[in-house]
1. How about segment 268-299: which of its residues are in a strand (DSSP E or B) and among the small types (G, A, S)?
2. Could you look through segment 126-158, keep only residues that are modelled with pLDDT of 90 or more and within 26 Å of Y283 (Cα to Cα), and pick out the one that is surrounded by the most Cβ atoms within 10 Å (Cβ to Cβ)?
3. Give the residue that is farthest from G178 (Cα to Cα), with candidates limited to residues of segment 108-125 that are without any contact (Cβ under 8 Å) to a residue 60 or more places away in the chain and surrounded by fewer than 17 Cβ atoms within 10 Å (Cβ to Cβ).
4. What are the pairs with Cβ atoms under 6 angstrom where one residue, in segment 359-382, is not assigned by TED's automatic domain parsing to the domain that holds V177 and modelled with pLDDT of 90 or more and the other, located anywhere, is loosely packed, with under 15 Cβ neighbours inside 10 Å and not basic (K, R)? Sequence gap at least six, or different chains.
5. Here's a check for you: in segment 198-214, which residue that is of a type outside the set (A, V, I, L, M) and in a helix (DSSP H, G or I) is farthest from I241 (Cα to Cα)?
6. Taking segment 76-89 only, how many residues are part of a helix (DSSP H, G or I) and under 22 Å from the mean Cα position of the chain (by Cα)?
7. Name the residue, out of P180, P104, that is more than 23 Å from the chain's Cα centre (by Cα) and either assigned to a loop (DSSP other than H, G, I, E, B) or modelled with pLDDT under 90 (or both).
8. Scan segment 148-157 for residues that are free of Cβ contacts under 8 Å to residues at least 40 places away in the same chain and within 17 Å of M197 (Cα to Cα) and report the count.
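The values are calculated or read from the model by the stated rules, or taken from the named source; none is laboratory data. These numbers were taken from a predicted model, which means no experiment stands behind them. Cβ sites come from the backbone with ideal geometry, for glycine too, and all protein chains shown count toward neighbours.
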Amino acid sequence: MPTIPRTARNRADSTWQRQVNQVRHASLGQSAGAGERLRNRVLEVGSAISQPGSYQSETRHRSGDAGPGPLERRARRAVAPAPPQIRRTALAALSAARSALLDPDDRRTAEWLTWMAAVPWGRGKMPDLTLDAVSKVLESAHGAHSGAKEALLDRVAGALHLASLGRPLRIPAVLLVGPPGTGKTTLAVAVANGLQMACEVISAPAASDDPAYLQGSDRQYTHSLPGILIRAVRSAGTTRILGVLDEIDKIGGRTSWSASPTAWLLELLGSDAWTDRYLGVGYPTVDMVFVATANSLDQIPPPVLDRLDVIPVPGLCIDERMEVARSHLWPRLLDEYGLDPLRIELDQDALAFLVTGGEPSGDAGLRPVSRGLQRCICRAIRQAGQDRWPVLISKDFAREVLGTPGAMQPRRAGFNGGVTRDER
């Protein structure tokens with residue numbers, strides 16, 4: 001004799017008890033006809049319980065026992081291109097989740113199925129790439145760091161050779177290390193643009209403080225979501241993602257309720273699958289490239305550092321900073337503010353003052369230079385109004401905007417900036 005599932009029996013028993021209570025109340029305050037109708041309904045429920053075969057045929061359609069529903073079928077088609085081991089695990093998870101759909105109020109399982117069906121699981125389509133095209137993108141993104149760019153192009157050349165043989169485009173995980181503001185993240189984003197990959201900047205300190213930021217949250221909780229990596233993959237519609245692990249030297253030691261940050265970094269950098277807590281199954285990362293950034297090597301755990309290909313990004317000398325400011329920062333800011341270069345001119349002495357901050361060597365990075373240029377542009381817009389163009393940004397103009405020498409160079413606690421080539 002077939003048995004009624006425990007969940008189904010519990011719901012039927014509660015329905016029986018509710019109908020009995022209604023009959024009891026009807027016998028006290030309602031007409032005889034209403035009480036008779038309720039008694040007949042109780043008999044119908046009792047008949048359903050006494051015939052488990054008919055009750056199961058009703059719930060089987062709702063629970064999906066007759067086969068996967070439309071949403072599960074979409075998810076099964078989506079995971080079909082995944083690597084064999086990941087595909088088997090994902091299909092088993094989909095089958096196990098089917099019984100959860102017995103509860104019509106459980107929206108979390110439906111949302112999970114939607115995510116499983118929406119993210120791409122197969123390898124992304126490889127575009128036609130050339131090393132010269134990647135080199136041009138790198139040169140246009142940053143005017144300095146020729147050594148770092150050459151090292152990156154070496155890794156890209158090896159990856160493109162493997163791709164020409166029909167293999168995955170694999171670039172070893174790279175660590176760009178150097179003083180703040182020297183363009184490490186800019187170089188990483190330029191590599192992504194050159195390889196025509198989607199790019200996602202992942203804050204390593206945020207992932208350390210809030211594990212759900214990267215690892216996702218368990219789907220048993222209301223409003224749960226996958227981590228930032230899976231969300232980026234769904235948004236891009238491809239597994240070809242370049243993840244920038246920003247500031248991994250500031251990940252801290254251990255969070256209060258999750259594994260050590262070293263553990264998830266090792267999984268992300270050392271395997272071909274990433275286990276998101278929300279999806280609950282491994283996600284293929286064979287088409288992903290990871291570039292990490294850091295200001296120093298001292299605070300990076302040795303096991304993580306062992307898996308990273310370190311490329312130094314040294315502090316910029318004054319000549320390099322002036323060249324990058326003139327050829328990259330200044331045109332970008334003019335375009336951002338919609339200004340014609342003929343309406344506002346930057347004097348060479350003013351540029352030198354902005355680059356050095358009034359000090360002999362100045363800061364090794366470019367962020368203070370960018371802020372100084374932006375403040376000068378805003379002051380010029382304020383003074384010119386509508387009819388006082390063109391404006392010349394002179395050294396005296398820049399000194400008036402920025403104040404006393406050295407005021408634009410805040411000291412960073414715990415960071416000495418290293419030795420630039422000007423100080424050798």
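1. A273, G282, A292, A294
2. V156
3. Per the criteria, the residue is A110.
4. I377/Y337
5. My answer is D209.
6. Qualifying residue count for the region: 3.
7. Of the residues listed, the single one that is more than 23 Å from the chain's Cα centre (by Cα) and either assigned to a loop (DSSP other than H, G, I, E, B) or modelled with pLDDT under 90 (or both) is P104.
8. Here the count works out to 3.
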